[in-house]
Structure formats: structure tokens, C-alpha cells
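Structure record follows, encoded as C-alpha cells.
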């Protein structure tokens with residue numbers, strides 16, 4: 001056994017009265033991939049921020065390559081040998097600059113670098129960086145011309161430019177399709193062979209299963225388990241959330257009851273799609289959803305799932321084809337149309353599509369819940385607080401939102417509770433068709449189990465379509481899973497997947 | 001031997017004093033935090049009260065009812081334009097054309113009265129129509145042609161500032177002005193129209209102040225307690241989220257600009273009625289003053305966002321400061337500098353104190 005690259009000894013961090021990290025110990029050896037698991041708020045991100053130099057620890061010590069490690073800033077941490085690739089790509093790149101300039105951005109921004117570097121030299125310097133991550137593109141093209149996955153490779157290449165001893169990857173596959181993720185894993189394998197230690201933060205069990213050599217679980221600011229491969233993930237998740245997972249037997253009974261109810265209640269579909277072409281180039285497809293049924297549309301990010309959801313919701317247009325809702329043609333002209341008719345969409349990426357920033361006066365639980373229904377509830381314009389408070393209290397109760405009351409500001413809630421508010425919003429009025437786009441984004445396993453339970457409990461009243469990229473999530477929530485890619489249903493594997501779902 | 005026995009007392013009884021001190025510090029911190037939150041809310045109003053006291057002590061005539069209302073009358077038009085700017089700021093836009101709209105509205109009113117011999121009612125209607133048209137034009141540029149808000153309204157600013165000069169050939173308009181086609185104007189400002197700017201209710205309250213008060217109340221109610229105001233703030237916060245929640249965002253944004261244009265043109269009517277002629281140089285400095293009032297308004301009552309009440313307080317603040325300093329014989333050329341100091345101070349206050357308080361909460 002080689003000596004550890006990184007040793008964390010009894011590191012603590014406090015924010016006011018909250019103890020974020022309580023005497024955490026961790027060590028990583030060269031060429032090791034350690035996965036850091038933990039529910040939201042468990043202390044994962046605090047630990048990552050201490051390692052990457054954003055925060056200083058309140059107590060304890062850090063050693064890197066046998067030297068005491070006390071970075072003064074993220075830049076310092078990078079120079080000392082810990083590079084971090086954050087989840088949000090948009091914060092790390094400049095879309096209008098060329099790919100080469102983005103690769104060299106750290107060097108260009110370094111005050112000690114020469115004031116002028118000719119473009120040809122920049123290309124030459126950037127080329128090996130790109131080659132290291134297997135990025136084979138024209139380096140003079142603007143970064144915005146790359147796919148999200150390739151942009152991520154650019155940030156990764158940049159992190160590797162300083163030859164770090166430890167690489168921290170924060171949710172690296174969050175926006176990647178399966179083949180793109182596989183490409184990333186191949187790269188991680190190569191780096192591991194080169195002796196780079198990797199700390200991986202991920203909610204996706206599939207990722208961890210594929211690459212992690214060891215799983216470290218954080219809960220309430222402490223390391224509660226350190227499991228070497230082969231890893232029992234059910235045990236890991238139960239350790240992480242501190243309680244047993246929903247039993248499969250109960251789920252199956254639930255599913256059978258749902259299927260039976262669906263069969264008796266509706267012989268015809270509640271919502272159906274015929275010959276729908278999302279883009280003029282895509283293959284037409286059909287889909288039927290029964291009332292009481294939850295159908296998961298599973299497929300990679302960028303495969304057109306969101307486009308499909310938007311077309312049903314009236315926020316986008318399909319190229320051709322027809323949709324039918326409860327026997328009538330469904331042609332919404334706007335989201336307002338859809339909401340009036342009881343077709344609701346909870347969009348992906350909640351801070352972009354659903355929530356309002358704190359500068360907005362009503363960015364509270366009550367205000368967020370009531371917003372789509374203002375014209376329905378307050379016909380003459382004047383707002384009545386009591387009506388909103390009642391709806392909010394009901395939603396808090398129904399979804400088990402952890403808060404102090406309906407007036408809690410959204411940005412003070414944890415990610416899982418924010419997501420519950422988004423979902424609860426579309427349960428405050430009865431839906432005929434509920435569309436959920438990536439409802440588990442940035443939600444820990446505990447909150448996810450709660451959300452699945454609540455959605456299944458209310459599924460009887462409506463048809464539900466869930467759009468997810470993670471197959472495990474799809475199977476966890478749905479009665480039926482269909483594959484979706486390149487803006488169409490995957491006919492070949494459809495029966496195949498359906499047979500797996502909850503049978 | 002001796003050194004080891006003479007341990008300083010504070011080391012021996014270490015835990016108690018430290019614990020005590022810590023809890024005291026915590027208590028003091030909480031007190032400080034409370035004070036800071038309090039200051040954040042009332043800071044601007046306190047400073048305003050303080051100013052009034054200082055001026056009143058140094059110059060007793062300052063507190064004279066007539067002087068107070070003359071301050072309000074002086075700021076009423078800027079405050080009106082500020083309300084329009086505030087509504088567009090709340091919707092995530094920024095109406096830079098309010099000054100030009102007001103200037104061209106007062107020219108339009110004069111033109112209707114003096115060249116076309118219209119009556120007061122027709123003049124007011126023409127102004128409002130012009131303001132609404134300007135708002136629709138802004139809204140069209142922004143929502144249909146997707147020109148960024150500031151650039152579109154900057155364009156409208158120039159367009160209207162130039163347009164108002166054309167009918168009169170660049171001259172101010174009064175009875176007897178020679179038009180570009182050589183005719184001499186013969187119309188006059190009817191008393192009914194002049195009353196809009198000069199009448200005093202109960203011989204005390206000038207009509208423009210009444211107009212401002214009414215509009216302030218209406219705008220506050222609409223922006224703070226109705227679903228329309230809520231949708232406007234929602235669009236300013238996150239337009240995508242508002243649209244996906246079923247709000248007709250384009251229509252609301254156009255409506256915000258139309259409201260802003262209409263309010264600005266009302267300001268133009270009041271200018272014309274006050275001055276009694278169509279003045280080519282009227283409304284020049286008004287845009288900056290109105291924007292400053294709206295931004296100072298961010299700091300009022302800890303709102304940290306565009307709000308109608310704050311904007312009006314901001315405008316009054318500027319008025320009090322200028323009037324008081326003038327009474328104390330401060331030279332007029334100091335005025336813009338003082339406004340600048342006030343604006344920068346208020347912005348620094350909003351964004352630094354506000355953020356610090358957030359972090360400690």
C-alpha cells in the first residue's frame with residue numbers, strides 16, 4: 001500500500017450554531033477513486049469546499065503528498081495540487097471565447113502570464129490539454145458550438161492542466177447521456193492508471209457502481225461508513241439516509257392496485273399521441289397513457305424529452321401529429337391554456353423554470369404555490385392571504401416539506417424541500433395530466449423516496465408522465481417505462497423495458 | 001518553582017469567564033443584528049427626518065406649510081416619472097424614455113391648445129394617447145423585435161426628443177410663435193388647463209401633489225396587493241418561470257411600458273399647465289432624477305427591490321435636500337453633485353448592509 005495522497009484528520013467546520021463537519025477523517029491514495037455519498041445538507045459540499053480552498057477548516061489538519069495543506073484560496077488549492085470540476089459548467093466557461101482560450105483561461109487570467117500570447121501559440125499550448133481528455137475538435141471554434149458534454153470535457157481538461165494530485169468531480173454526469181458518461185468513465189480509468197486520486201461526488205448509484213473503488217458516506221457532518229468495493233449499494237443508501245428503504249413488497253402491491261384500477265376505470269387512454277413528430281426530421285411515434293398510470297419517458301439529456309414535455313404543455317410546438325386528452329383533440333396554444341385545462345408541467349432545473357429569486361417579494365412557499373392559480377383564485381385581482389396560507393399548509397402537510405411555515409423563503413430550504421414545493425404546487429389544484437421533467441434533480445435519496453411515495457399516492461386522480469434520464473429513477477417511480485431518444489420513442493426496446501418495470 | 005505557582009487567575013478559572021464572555025458577545029451580536037435589520041428598514045426615513053430637523057433648526061421658514069408643499073410640488077413630476085420607471089424595473093425592464101415622453105407630451109398639449117385651438121380635455125387626451133403610443137412602441141420593440149429593454153427605450157428617448165422639435169421648427173410654443181410654415185399661432189392656454197398645474201386645493205395643496213398622491217396610492221395597491229402586481233414582479237424575477245406558470249409575460253411587459261408611458265405623459269400635462277407654454281428644454285434632467293428616485297427607493301423600508309412607495313420617498317428626499325440646502329444658501333451648481341452623493345450612498349446602503357444582514361440571519 002502506498003502512502004495516502006490526501007489525509008484529512010479531524011476536520012471540523014461550523015457555521016454559526018450549525019456544525020457542518022464534525023471531526024471528519026478521510027484518506028485517499030494515488031490511483032484511488034473514492035465516492036462521497038450523503039444526503040443534501042449532510043456536509044459533502046462543505047468538505048469539498050474545504051478541500052478546494054473555498055473555506056478554511058475551524059479545526060483539524062489536512063496533508064497533501066505528506067505536506068501540510070492549508071490553501072488560502074481556490075487558486076492556491078489548485079497550485080498545490082487539488083483541482084475541482086464543479087457541477088455547473090456555465091459558471092466555469094466563457095461561451096463566446098474559443099475552445100483554446102477556454103482551455104487556457106486560468107493561464108490567461110494569471111497576472112504573471114505574458115501580456116500577449118499569439119493565437120498560434122495558444123492553439124499549440126491548448127492542443128495537448130484537449131488531447132489528454134480525448135477532445136478532438138477545432139480549437140479555434142467558439143466554445144458555445146460544443147455540446148454540453150464536450151464543454152464539460154473542456155473544464156476537466158483545464159482542471160488537469162496543473163497536473164493535480166487529487167481531482168474532485170462534483171456530480172460529473174448530471175447532464176450527460178449514457179454514452180457520454182461512459183466516455184467520462186473511460187477517462188477516469190485512464191487518470192486512475194496515471195496515479196491521480198479522484199474524489200467523486202454523485203447522487204447516481206450507476207456512476208458509483210461503475211467507477212468507485214470505495215464509498216465514504218457522510219451524514220450529519222460525520223463519516224458514518226467507509227465501504228470498500230464490492231459495494232452493497234442498498235446498504236450504502238440505507239446508511240446514508242439513516243433508515244431502511246421503502247420495501248419492495250409494499251411497492252408491488254401498490255403497483256398491482258394501480259394497474260387493476262387503471263384497467264377497470266379506463267379502457268380507453270386518458271391521454272394519447274398519434275404520429276407525433278417533434279421536429280421535422282424526427283420519426284413519428286404513438287403513445288397512450290391511462291388515468292391512474294405513471295409512465296416514465298426515459299432517455300438521455302438532449303434526447304428531446306423536454307421538447308416533448310413542452311409540446312404537450314403548449315410551451316413549444318410539434319412539427320406534426322395529433323394529441324388527444326379525454327377524447328378531445330388537445331392543441332394548447334400556451335402554458336396558460338394548458339393550466340386552465342388541468343395539464344401541468346413541473347419543469348427541469350427548478351431555479352430556471354419554476355422558482356423565483358429571493359428579490360421577488362413573494363418567493364415564499366405560499367407565494368410559489370399559488371402563482372399559477374392566481375387568476376383562478378383571485379378573479380377580481382385582490383389577493384387574499386388566507387387562501388394562499390391554507391393551500392400552503394395543506395401542501396406542507398401532504399408533501400412533508402420541512403419548514404417553519406408557509407412564509408419561509410424558498411432559498412432557505414434544502415434542495416429536496418425546494419423540489420417538494422415545486423411538485424406540491426402542481427398538486428394544489430386537481431390535474432388531468434401531470435408532466436414532471438426530471439423531478440429528482442439535485443434531490444437526495446431520502447427526499448426522493450418521500451416524493452415517489454406522494455406521487456404514487458395521488459396518481460389515481462390523473463395520468464402522469466415522468467421525464468427522466470436516470471433509468472433507476474424511472475423504475476423507482478413508474479408503472480411503465482418507455483425509452484425515448486432522438487425525439488422519438490424507441491420502438492425496438494420498448495417492450496423489453498416495459499417487461500422489466502414492476503412486473 | 002515560583003513561576004509554576006504564580007499562574008495567572010484568568011487561566012485557572014478559564015472556562016467560566018470565557019463562556020460568560022462568549023454568551024455576552026452572542027447577545028451583543030444578536031442586538032447588533034437586530035439593530036442592523038432595523039436600520040435597514042428605517043435608515044432612509046430616519047435620515048429624511050434628521051434632514052428635516054436640521055433644516056428646520058437652521059432655517060425656521062423651512063417648516064412653513066407653503067414651503068413644504070412647494071417642495072412636494074417641485075418633486076411631484078419627477079416622482080410621477082419615477083413611478084413609471086419603477087413599474088418597468090419591477091417587470092425586469094428599464095424605461096429610459098420617460099423624460100422624453102413627458103417632454104413631448106407637454107409639447108403635444110401646447111400644440112393642441114395653441115395651434116389647433118383645442119380645449120383642455122382634448123389636450124389631456126392627446127397627451128395620454130401619445131404616452132400610451134410610446135409605451136406600445138417600446139413594448140413592440142422589446143417583446144416582438146427582442147431589442148434589449150435599455151437599448152429600445154434609449155432609442156425611443158432620442159426619437160421623441162427629436163420628434164417634439166419638428167412641428168415647431170425647434171422653437172418653444174406660445175401664443176404668437178411663428179411656425180415653420182410662416183403662420184403665427186393664435187391659440188391660448190385656457191384657464192381650465194392651467195388650473196391643472198396651478199390650482200391649489202383648499203388654497204393649500206397644489207393639484208399636481210394631489211395627482212401624485214392618488215397615483216401613488218393606486219400604484220402601491222396594484223403592485224403590492226393584486227395578482228397583476230405579483231405577475232409583474234414575477235416576470236422581473238424569472239420570466240421563464242412566470243411563463244411556464246401560465247402568465248402571459250409579453251402582454252404584461254407591454255402593459256408595464258404602457259403604464260409607464262401614460263404616467264409620464266400625465267407628468268407632461270402637469271409641466272405644460274405649470275409653465276403655460278410648450279418649452280423645448282423642459283424635461284431634460286427629469287429622466288436622471290426619476291431613475292435616481294427609483295433607485296434610492298430600493299433602500300426605503302429595506303425593500304431591496306423597485307417599489308412605488310420607496311420611489312416617491314426617494315423623490316421627496318431629493319426635494320427636501322435641495323430645498324433645504326438652497327435655503328441655507330448652497331450654490332445651485334452643487335445640486336447634481338448632491339444628488340449623485342445621495343444616489344451612490346443609497347445604493348451602497350442597499351446592497352452592502354442588506355447583504356450583510358442576509359448573511360447573518
**OP:** Determine which member of the set B:300, B:320 is farther than 20 Å from residue A:374 by Cβ and surrounded by 22 or more Cβ atoms within 10 Å (Cβ to Cβ).
**Re:** B:300
Subject >> Given (1) within 14 Å of chain B (Cβ to nearest Cβ); (2) assigned to a helix (DSSP H, G or I); (3) under 20 Å from residue B:242 (Cα atoms), number of the condition residue A:436 does not satisfy >> reply: (2)
Original post:
Restricting the search to the stretch B:46-89, which residues are loosely packed, with under 14 Cβ neighbours inside 10 Å and touching a helix residue (DSSP H, G or I) at 6+ places or on another chain (Cβ under 7 Å)?
Top reply: B:61, B:63
Subject >> Enumeration of residues in the stretch A:313-357 that are within 14 Å of another protein chain (Cβ to nearest Cβ) and in contact with a strand residue (DSSP E or B) (Cβ under 6 Å, 6 or more places away or on another chain) >> reply: A:313, A:343, A:344, A:345, A:346, A:347, A:348
**OP:** Could you check residue B:282 against (1) part of a helix (DSSP H, G or I); (2) within 25 Å of residue B:136 (Cα to Cα) and say which number it fails?
**Re:** (1)
Original post:
Among (1) in a helix (DSSP H, G or I); (2) farther than 30 Å from residue A:487 by Cα; (3) touching a residue at least 24 places away in the same chain (Cβ under 8 Å); (4) within 14 Å of chain B (Cβ to nearest Cβ), where does residue A:428 come up short?
Top reply: (1)
Original post:
Within the stretch B:272-285, can you find the residues that are modelled with pLDDT of 85 or more and buried (at least 23 other Cβ atoms within 10 Å of the Cβ)?
Top reply: B:272, B:273, B:278
Original post:
In the stretch A:412-423, which residue that is assigned to a helix (DSSP H, G or I) and farther than 10 Å from residue A:364 by Cβ is farthest from the other protein chains (Cβ to nearest Cβ)?
Top reply: A:416
Subject >> Subset tally (residues that are part of a loop (DSSP other than H, G, I, E, B) and in contact with a helix residue (DSSP H, G or I) (Cβ under 8 Å, 6 or more places away or on another chain)) for the stretch B:117-144 >> reply: 2
**OP:** Among the numbered conditions (1) out of contact with any helix residue (DSSP H, G or I) (no Cβ under 7 Å at 6 or more places or on another chain); (2) modelled with pLDDT under 85; (3) in a helix (DSSP H, G or I), tell me where residue A:155 comes up short.
**Re:** (2)
**OP:** Only one of these is within 30 Å of residue A:366 (Cβ to Cβ), buried (at least 17 other Cβ atoms within 10 Å of the Cβ) and more than 14 Å from chain A (Cβ to nearest Cβ): B:173, B:207, B:215, B:194. Name it.
**Re:** B:215
**OP:** Quickly run through the stretch A:363-380 and pick out the residues that are within 7 Å of chain B (Cβ to nearest Cβ), free of Cβ contacts under 8 Å to residues at least 40 places away in the same chain and touching a helix residue (DSSP H, G or I) at 6+ places or on another chain (Cβ under 6 Å).
**Re:** A:374, A:378
Original post:
For the stretch B:236-246, how many residues are facing another protein chain (nearest Cβ under 7 Å) and more than 21 Å from the chain's Cα centre (by Cα)?
Top reply: 7
**OP:** Examine the stretch A:394-407 for a residue that is closer than 26 Å to residue B:303 by Cα, touching a strand residue (DSSP E or B) at 6+ places or on another chain (Cβ under 8 Å) and either within 13 Å of another protein chain (Cβ to nearest Cβ) or without any contact (Cβ under 8 Å) to a residue 40 or more places away in the chain (or both), and state whether such a residue exists.
**Re:** no
Original post:
Considering only the stretch A:130-158, how many residues are over 28 Å from the mean Cα position of the chain (by Cα) and surrounded by 13 or more Cβ atoms within 10 Å (Cβ to Cβ)?
Top reply: 2
Original post:
Any residue at all in the stretch A:256-276 that is in a loop (DSSP other than H, G, I, E, B) and either at pLDDT 85 or above or within 24 Å of residue B:244 (Cα to Cα) (or both)?
Top reply: yes
Subject >> Residue that is farthest from the chain's Cα centre (by Cα), among those in the stretch A:439-449 that are assigned to a loop (DSSP other than H, G, I, E, B) and farther than 20 Å from residue A:307 by Cα >> reply: A:444
**OP:** Scan the stretch A:72-118 for residues that are touching a residue at least 60 places away in the same chain (Cβ under 8 Å) and in contact with a helix residue (DSSP H, G or I) (Cβ under 9 Å, 6 or more places away or on another chain) and jot them down.
**Re:** A:78, A:82, A:83, A:84, A:85, A:86, A:89, A:92, A:93
Original post:
How many residues are in contact with a strand residue (DSSP E or B) (Cβ under 8 Å, 6 or more places away or on another chain) and within 19 Å of residue A:339 (Cα to Cα) if we restrict to the stretch A:408-426?
Top reply: 4
Original post:
Name the residues in the stretch B:218-231 that are crowded, with 19+ Cβ neighbours inside 10 Å and more than 10 Å from chain A (Cβ to nearest Cβ), would you?
Top reply: B:219
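The values are calculated or read from the model by the stated rules, or taken from the named source; none is laboratory data. All figures in this text were calculated on a predicted structure; none of them were measured in a lab. Positions of Cβ are backbone-derived with ideal geometry, glycine not excepted, and every protein chain shown enters the neighbour counts.
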